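Heads up, the thing below is written out as structure tokens.
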Amino acid sequence: MPGCSWKTAQAIINMRPFKNTKDLVSQLSGVRHLSSNLYECCKDILEVRSSVIRLLNKCERLTEQVASHATRLLENTIALPENYITDQNQPDEVDHEHDDFTINKTNGYPVQLVTQQPAILNPLRELKPYQLVGLNWLRLLHHEQVNGILADEMGLGKTVQAIAFLASLWESGNRGPHLIICPSSTQDSWQRELSLWCPHLKVLVYQGSAEQRKAIRLKIYESDSQPDFNILLTSYVVGTSAIEDRALMKRVNFHYGIFDEAHMLKNMTSQRYRNLMNFKVQRRLLLTGTPLQNNLLELVSLLSFVMPEMFLKSTDLLKRIFQIYSVSFTTYLFIYNI
């Protein structure tokens with residue numbers, strides 16, 4: 001246990017047995033260099049750990065139901081016919097009676113496996129085999145109603161895979177609107193790639209001066225019930241800067257929010273993070289080549305953003321458990337006044 005030296009632990013062991021909790025607390029309080037706060041500290045840690053374990057069990061169940069299909073995609077995307085995933089490949093039923101987050105079961109199987117890129121993509125452009133795997137993975141997550149992080153290394157075409165996924169949604173009847181938000185430095189690249197790969201999708205670029213953005217907002221509000229675009233493309237700076245811009249992002253009912261360079265979402269205490277969390281997006285897809293830098297709080301920030309239904313309520317618990325196991329011995333003794 002953090003904050004408890006081997007010498008202290010041995011002293012407590014030598015005091016056993018204890019009749020009950022009251023006896024334990026009484027004996028700890030009566031011994032020099034020991035304190036009943038040791039018991040309170042241990043109780044607190046065990047409660048936090050139990051909550052985290054329950055959360056991890058939910059994650060494990062969710063992963064098990066998706067992982068087997070993802071593995072098949074990696075092995076068979078090119079070789080197998082479209083209806084590869086069939087009823088006989090269904091995973092065993094899992095009891096979710098006490099879960100507050102479960103994956104979608106309403107549509108059942110099969111999950112259609114695509115072996116060719118969406119027809120509305122530019123025929124002069126061709127997805128690479130691994131990008132087709134990525135497209136199938138995104139489609140699988142969509143079917144299971146699970147958000148995700150596409151974390152391919154730089155240069156492997158995360159942008160193209162995201163565009164192909166939106167094209168696939170369009171072909172299945174989901175015309176958006178979708179939101180793509182990226183750094184200002186990559187916005188022109190996104191606009192160019194969208195035009196080259198899928199000119200069929202109507203893209204509205206939200207940028208410019210305050211007056212120019214106001215004109216765009218008015219145009220959007222006029223057709224609020226039936227947006228005249230499939231994709232709204234903007235930058236992190238523009239989308240979160242002014243209250244009017246943030247109001248737009250909270251009003252439009254985006255089907256998908258694609259967040260490029262997701263390392264910008266690693267600090268859940270920042271104002272930008274809080275603003276982005278308030279955007280009205282039904283589903284979230286994060287793109288990043290550097291998802292983690294060996295920082296557990298960064299992990300919590302990303303998980304809470306990409307799957308808020310599962311992680312947001314547990315954020316404080318996760319912070320506490322990471323803090324408990326990262327503080328020094330001296331600091332921990334000070335916190336619990338031991």
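Check region 76-89 and report whether any residue there is among the aromatic types (Phe, Trp, Tyr) and either over 30 Å from PRO129 (Cβ atoms) or modelled with pLDDT of 60 or more (or both). No, every residue in region 76-89 fails to be among the aromatic types (Phe, Trp, Tyr) and either over 30 Å from PRO129 (Cβ atoms) or modelled with pLDDT of 60 or more (or both).
Going by the conditions given, is ARG175 part of a loop (DSSP other than H, G, I, E, B), basic (Lys, Arg) and under 24 Å from ASN253 (Cβ atoms)? Spelling it out, ARG175 is indeed part of a loop (DSSP other than H, G, I, E, B), basic (Lys, Arg) and under 24 Å from ASN253 (Cβ atoms). Pick from region 282-296 the residues that are more than 13 Å from the chain's Cα centre (by Cα) and either assigned to a helix (DSSP H, G or I) or of a type in the set (Val, Ile, Thr) (or both): which of them is farthest from GLN207 (Cα to Cα)? Of everything passing the filter in region 282-296, LEU296 is farthest from GLN207 (Cα to Cα). As for region 234-246, it holds at least one residue that is closer than 23 Å to SER185 by Cβ, without any contact (Cβ under 8 Å) to a residue 40 or more places away in the chain and either basic (Lys, Arg) or assigned to a loop (DSSP other than H, G, I, E, B) (or both).
Just wondering, is there one or more residues in region 137-156 that are crowded, with 21+ Cβ neighbours inside 10 Å, farther than 25 Å from ASN275 by Cα, over 18 Å from the mean Cα position of the chain (by Cα) and not small (Gly, Ala, Ser)? No, there is no match, as no residue in region 137-156 is crowded, with 21+ Cβ neighbours inside 10 Å, farther than 25 Å from ASN275 by Cα, over 18 Å from the mean Cα position of the chain (by Cα) and not small (Gly, Ala, Ser). The number of residues in region 157-186 that are touching an Asp or Glu at 6+ places or on another chain (Cβ under 6 Å) and buried (at least 19 other Cβ atoms within 10 Å of the Cβ) comes to 3.
Looking across region 206-218 at every residue that is under 15 Å from ALA247 (Cβ atoms) and without any contact (Cβ under 8 Å) to a residue 24 or more places away in the chain, the one that is surrounded by the most Cβ atoms within 10 Å (Cβ to Cβ) is identified as ILE216.
The residue pairs whose first member lies in region 120-146 and is closer than 15 Å to TRP170 by Cα, whose second member is in a helix (DSSP H, G or I) and among the acidic types (Asp, Glu), and whose beta carbons are closer than 9 Å, counting only pairs six or more residues apart or on different chains, are ILE120/GLU171. Residues that are in contact with a Leu (Cβ under 9 Å, 6 or more places away or on another chain), assigned to a helix (DSSP H, G or I) and modelled with pLDDT of 75 or more within region 11-27 comprise ALA11, ILE12, MET15, listed in sequence order. For region 258-280, a tally of residues being touching a residue at least 40 places away in the same chain (Cβ under 8 Å) and either in contact with a His (Cβ under 8 Å, 6 or more places away or on another chain) or not in a helix (DSSP H, G or I) (or both) returns 6. If you check LEU166, LEU140 for being more than 21 Å from VAL238 (Cα to Cα), in a helix (DSSP H, G or I) and at pLDDT 95 or above, only one passes: LEU166.
Just to verify a result, which residue in region 113-136, among those that are assigned to a loop (DSSP other than H, G, I, E, B) and surrounded by fewer than 14 Cβ atoms within 10 Å (Cβ to Cβ), is modelled with the lowest pLDDT? For region 113-136, the residue satisfying everything is GLN116. The conditions are (1) outside any loop (DSSP other than H, G, I, E, B); (2) under 30 Å from GLN117 (Cβ atoms); (3) touching a residue at least 12 places away in the same chain (Cβ under 8 Å), and SER195 fails exactly one of them. Which is it? Answer for SER195: the failing condition is (3).
The values are calculated or read from the model by the stated rules, or taken from the named source; none is laboratory data. Here the structure is a predicted model, which means the values were calculated and not measured. With ideal geometry, Cβ positions are generated from the backbone for all residues, glycine too; neighbour counts draw on all protein chains shown.
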